[in-house]
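These notes concern the structure reproduced below.
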Amino acid sequence: MLNKHGGDIYRKDIIYDFSANINPLGMPENVKNALTNSIDMWDKYPDPYCRELTRKLSEEVGISPENIICGNGAADLIYRIIYSFNPRNAVICTPSFSEYEKALNEVGSKIITYNLREENDFIFEEKIFDILNKNVDILILASPNNPTGKIISPEILERICRKCSENNIIFLCDECFMDFVKESGKFTARNFLNENIIILKAFTKIYSMAGLRLGYAIFGDSEKAGSVMNAGQFWSVSMPAQIAGIAALEEDDYVKNTLEIIEKERNFLQNEFMKLNINFYSSDANFILLKCNLPLDDLILKEKILIRNCGNFKGLNHHFFRIAVRSHEENTVLISTLRRILNG
């Protein structure tokens, strides 16, 4: 089976993993303690409605609990949303997260692609409005986009939200990496929420909880939320994941520290890439897209460092690589290794 994602640390003796875009601070201690102290509860079925977690999320984002659905990671919710609405015609952008297209293919959707242009630094352009018409059932975009790290500008985002409402297009806006964006409140689709908008979020990246699998979706319409709730398995979120999520939402200082570290280390990496003459595309997220004619992934794997080859992203090829922003110690090791590989 071909792995199309980062984080496959199980196939090699990996020491440093730059292929998965996870918070370098690791899981918060408060979350670890909550999990340890709750082990005696794990013999019970989890709350299928995630009532306490949803209530906490409602307080966090200022949205009614009826408009929030939790799932077994963001990927679970992508499939449940697609299965629920069964769109005939869908618009996605390239390059972007492959699970959107995979889920759409499973229900037989006709897929229309909006191509982000390398020559324009992969930013979202107004050309997307040329394909958003009444024949489109769903639009799926990510902000920041994976693997390019680009956010959708508030001006473009507002117009997208309005046009989707006017043409009755469901707009699934994946904001799983938005928590790593400085002043993220200016860029979220929550600012333009309407009955056709669904915002996808995850605990996976920001709280370093990839192994627990916990995501959630914010809906502008509670009926659509109910439809998606009924589309998935009944106990989709485990007891440990719910407990971890509730504890994580108390971690304001952790998130603040993360933002400071990511911004500092992203700037460090980008400056070092410039010194090494490695082409990169400036990022708003906790990862950076590179372009190099050498097989960097194979070369650096010999040093027990894993990076993400982006050759299986539509619109890219095997000369593109995605690098996660890690701790300064890890980033220094990466740069030293790249310098040795490139300069001999």
key: Members of 127/201; 127/163; 150/264; 182/256; 291/314 lying beyond 21 Å, as alpha-carbon distances in this model show   = 127/201
ask   = Around residue 215, what is the net charge, scoring Lys/Arg as +1 and Asp/Glu as -1 over all other residues with Cβ under 9 Å from its Cβ?
value = +1
ask   = Relative contact order (percent) for the chain, with alpha-carbon contacts under 8 angstrom and 6 or more residues of separation?
value = 25 percent
inquiry  = With just the Cα atoms defining each centre, how far is the stretch 194-250 from the stretch 265-344? Give it in Å.
reply    = 31 Å
task = Among 109, 336, rank each residue by its count of other Cβ atoms within 10 Å, from fewest to most, as a rough exposure measure.
result = 336, 109
key: Neighbour net charge for residue 30 - beta-carbon separation under 9 angstrom, K R +1, D E -1   = -2
key: Unpaired by the 4.7 Å Cβ criterion, cysteines found in the chain   = 93, 161, 164, 173, 176, 292, 310
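Expressed in nm to one decimal, what extension gain is obtained for the pair residue 105 and residue 44 from 0.36 nm per residue of sequence separation less their Cα-Cα distance?
Value of the extension gain: 18.4 nm.
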inquiry  = Using Cα-Cα distances under 8 Å and only pairs 6 or more residues apart, what relative contact order does the stretch 43-248 have, in percent?
reply    = 28 percent
query = What chymotrypsin sites (Phe, Trp or Tyr not before Pro) does the stretch 9-109 have in DSSP loop regions with at most 16 other beta carbons within 10 Å?
reply = 10, 42, 49
message = Multiplying the sequence separation of residue 194 and residue 301 by 0.36 nm and subtracting their Cα-Cα distance, what value in nm do you get?
response = 33.9 nm
query = Based solely on its DSSP helices, what 222 nm [θ] is calculated for the chain when runs of n ≥ 4 H residues each add -39,500 (n - 2.57) and the sum is averaged over all residues, nearest 500 deg cm²/dmol?
reply = -10500 deg cm²/dmol
message = Against the empirical 2.2 N^0.38 Å scaling, what ratio does the C-alpha Rg of the stretch 43-248 come to?
response = 0.97
Directionally averaged shadow of the chain, computed from the convex hull of its alpha-carbon atoms, nm² = 16.9 nm²
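Using the number of other C-beta atoms within 10 angstrom as an exposure proxy, rank 266, 162 with the fewest first. Before the final figure, lay out each step's value.
Details: 266 22, 162 13.
The order, fewest Cβ neighbours first, is 162, 266.
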key: the stretch 149-180 residues near the modelled residue 123 label - backbone nitrogen below 19 Å, point 7 Å along Cα→Cβ   = 149-161
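Where a number appears in this text, it was derived from the coordinates with a stated rule and is not lab data. In this text the structure is predicted, and so the values were computed from the model without any measurement. In this analysis, Cβ positions are derived from the backbone assuming ideal geometry, glycine residues included, and neighbour counts consider all displayed protein chains.
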